[in-house]
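> I have a structure I would like to understand better, so I am pasting it below and will then ask my questions one at a time.
Just so you know, all these numbers are worked out from the coordinates, no wet-lab data involved. Note that this is a predicted model, so its numbers are computed, not measured. Backbone-built Cβ (ideal geometry, glycine too); neighbour counts: all protein chains shown.
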Ligand code: ARG
């Protein structure tokens, strides 16, 4: 039963819709006050009365019944107490009935959401800076699918530009097939770094690189083949990481895919009178909107990142007819997205409003930041590997007899990396610390995983109970059930705000409440059979909700730890 909905339907506030009321209903900070609360401050202006008076008046207008056992008005808040037995029963029943679909819905049926994420650059290191876009995008992909949308995962590969001419030049001069084949991205990156170093003394290398890039564009078969090979090597390398992080794409159409799709964009801009010349370049003036001009063509006629993004957006609209198209990209690119979204709007694309830049903050390592140019970058693969190794050491220490230690360490290590990037609201810059993400008693994935293992071990002994009667309830039990009941709305909010962190926080909150329940209430040795049975059911429901939450984040849960 959706109590928020029930309350929203019972209340009548002139000028406020049921949906608005629904959204206002929250959990009060202090559960003594009630199970749900509505702050009346929002209504004050509308009703021209003080929040305190409004709360008092609304209280008079709501009658208690089987579901709502008490209504009170306190300091401008309208508080509701719910009949606990019914609430607890219906929450657990819903979890058991829906199982791994608990929290899912079909509200997105018929709607398509394109998600542009990870979007790596070919032949460049897949470094810690790509962690957030990859795991945030991956989580959003699963969340939207869970809510019935059709999510389309797009890896908008950075596979276009003079750097590929440089790479060909470097490969032909210093490279050999075997080393590159074996070394993958690392070998390619070395060539690239070497090119930059040596080109400082040999400016003619740059001319050569430009010529090679032209050749790629013109379809020269040798250059095309090399470029294709670099691309395959890169994708093969990153696939290992995608597999570990449970990341999937429906399309790898990158920048070069749009090579032949930009001319129509340029033509349309000309036809709509939006292109002007500025120092030889073709630009769309955006001064009126407080932005620098969006450059469409350089003076030599070549296209830019923004041009390709515009072609991509138009292509996606045509191909997928999306309801939303998300770009999970660091906030450093804020201006870029604002600019080309605006240009599309000026072109009269009414769907430009459906383009969303899901911006996120920087991730740096505690050990010091990296410098990409010089080549001393931190590869994401190494970060994950190190986390797995550390996890193994910890697990080995805590539980030397555990079976499948490596498998558990994989789940814990990978989970720690993902959770480290997803726990905070996405716009925050984060400093990644191995020790912090692997703490057993912090706000970490391993804490949640450990809690699940604990629940699992109780269920192994007591049974995976799904039918129960509600006994006299303890405060810990009620708190836990309340937390569990918020999962569907948490998932919805995570989708609405593009914040997988809501789900991560849900998991930590539930785990904390479960542990409180676990330590304060005896489960297997409860005072009577009815209570024991109920507590087993509650443990079972907790395990299911945590499992669903972690699945959405892409984190596995070991049976034992
Ligand atoms: N490859 C780009 C980078 O690493 C990110 C691309 C993001 N997606 C896009 N459609 N612009 O900076």
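> Compute the distribution of all C-alpha to C-alpha distances in the stretch 482-521, in bins of 10 Å from 0, and list the percent of pairs in each, rounded to whole numbers.
Percent of Cα pairs in each bin: 31, 46, 18, 5.
> I need the shape label for the stretch 329-465. Rule: rounded when a/c is under 1.5, else prolate if a/b > b/c, else oblate, with a, b, c from the alpha carbon gyration tensor.
oblate
> Tell me the Rg and the Dmax, in Å, that the Cα atoms of the stretch 392-471 produce.
15.7, 47
> Taking a ≥ b ≥ c as the square roots of the Cα gyration tensor eigenvalues, with a/c under 1.5 meaning rounded and otherwise prolate when a/b beats b/c, else oblate, which class fits the stretch 437-486?
Note, shape of the stretch 437-486 comes out oblate.
> Which of 196, 127, 202 has the fewest other C-beta atoms within 10 Å, and how do the rest follow up to the most?
Lowest to highest Cβ neighbour count: 202, 196, 127.
> Report the per residue volume, in Å³, of the convex hull enclosing the C-alpha atoms of the stretch 27-98.
Here the figure is 104 Å³ per residue.
> In addition: Using only Cα atoms, find the angle between the long axis of helix 529-553 and the longest principal axis of the chain, and express it within 0 to 90 degrees, rounded to the nearest 10.
Long axis of 529-553 versus the principal axis of the chain: about 20 degrees.
> Given a Förster distance of 56 angstrom, what is the FRET efficiency for residue 50 paired with residue 248, based on the Cβ-Cβ distance and rounded to 0.05?
Given R0 = 56 Å and the Cβ-Cβ separation, E is 0.60.
> Along Cα→Cβ, 7 Å out, is where each label goes; now give me the distance between the ones at residue 276 and residue 18 in nm to one decimal.
5.2 nm
> How high is the relative contact order of the stretch 52-97? Use alpha-carbon pairs under 8 Å, at least six apart in sequence, and give a whole percent.
33 percent
> According to the Cα gyration tensor, what semi-axes, each the square root of 5 times an eigenvalue, does the equivalent ellipsoid of the chain have, listed from largest to smallest in whole Å?
50, 32, 18
> Next question, about the same structure. Figure the gain on full extension for residue 385 and residue 464 (residue separation times 0.36 nm, minus the Cα-Cα span) and round it to one decimal in nm.
Length gained, residue 385 through residue 464: 24.9 nm.
> May I ask for the distance between the Cα centers of the stretch 140-175 and the stretch 316-354, given as a whole number of Å?
So the separation of the two Cα centres works out to 18 Å.
> In cubic angstrom, how much convex hull volume per residue do the alpha carbon atoms of the stretch 102-176 span?
107 Å³
> Continuing with the same structure: What ranking, highest mean first, results for peptides 338-345, 298-305 when packing means the other Cβ atoms within 10 Å averaged over each residue?
Per-residue Cβ counts within 10 Å, averaged per peptide and sorted highest first, yield 338-345, 298-305.
> Could I ask something else about it? Compute the separation of the alpha-carbon centres of the stretch 41-59 and the stretch 488-561 and state it in Å as a whole number.
37 Å
> Taking 0.36 nm per residue of separation and subtracting the Cα-Cα distance, what length does fully extending residue 407 through residue 260 add?
Full extension from residue 407 to residue 260 adds 48.3 nm.
> Please determine, in degrees from 0 to 90 and to the nearest 10, the orientation of helix 501-520 with respect to the longest principal axis defined by the Cα atoms of the chain, where the helix direction is its Cα long axis.
So the helix axis and the longest Cα principal axis differ by about 40 degrees.
> At R0 = 60 Å, how high is the FRET efficiency between residue 300 and residue 32 if r is their beta carbon distance? Nearest 0.05 is fine.
E(calc), rounded to 0.05, equals 0.25.
> Under a crude label model (7 Å from the Cα following the beta-carbon direction), how far is residue 64 from residue 186 in nanometres?
Here the modelled spin labels are 6.9 nm apart.
> How would you classify the stretch 179-223 from its alpha-carbon gyration tensor, with a ≥ b ≥ c the square roots of the eigenvalues: rounded for a/c under 1.5, else prolate if a/b is greater than b/c, otherwise oblate?
Taking the square roots of the gyration eigenvalues as a ≥ b ≥ c, the stretch 179-223 is oblate.
> Now a separate question. With runs of 4+ DSSP H residues as the only contributors, calculate the mean residue ellipticity of the chain at 222 nm using -39,500 (n - 2.57) per run, divided by the residue total and rounded to the nearest 500.
Theoretical 222 nm ellipticity from helices: -17500 deg cm²/dmol.
> Could you state the orientation-averaged shadow area of the convex hull built on the Cα atoms of the stretch 52-168, in nm² to one decimal?
Computing the convex hull of the Cα atoms and averaging its projections yields 13.5 nm².
> Taking the simple approach of a point 7 Å from Cα along Cα-to-Cβ for both residue 177 and residue 560, what is their distance in nm?
5.0 nm
> Which value in Å is the Kirkwood Rh of the stretch 258-400 over different Cα pairs?
18.2 Å
> Still on this structure: Rg over Rh of the stretch 153-234, using C-alpha atoms and the Kirkwood radius, what does it come to?
0.96
> Just to confirm my numbers, what's the Cα centroid distance between the stretch 220-270 and the stretch 400-458 in Å?
33 Å
> Compare the peptides 148-161, 111-124 by average per-residue count of other Cβ atoms within 10 angstrom and give them in order, highest first.
Highest mean packing first, the order is 111-124, 148-161.
> Ok, one more. So what is the relative contact order for the chain, in percent, with contacts set as C-alpha pairs under 8 Å and at least six apart?
15 percent
> Return the FRET efficiency for the residue pair residue 334, residue 522: r is the Cβ-Cβ distance, R0 is 45 Å, and the value is rounded to the nearest 0.05.
According to the calculation, E is roughly 0.25.
> Using mean Cβ contacts within 10 Å as the protection proxy, how do 493-505, 283-295, 406-418 order, highest first?
Per-residue mean Cβ counts within 10 Å order the peptides as 406-418, 493-505, 283-295.
> Counting only Cα, what are the radius of gyration and maximum Cα-Cα distance Dmax of the stretch 444-527, in Å?
Spelled out, the Cα radius of gyration and Dmax of the stretch 444-527 are 14.2, 45 Å.
> For the stretch 258-330, what is one quarter of the convex hull surface built on the Cα atoms, given in nm²?
Projected over every direction and averaged, the Cα hull of the stretch 258-330 covers 6.1 nm².
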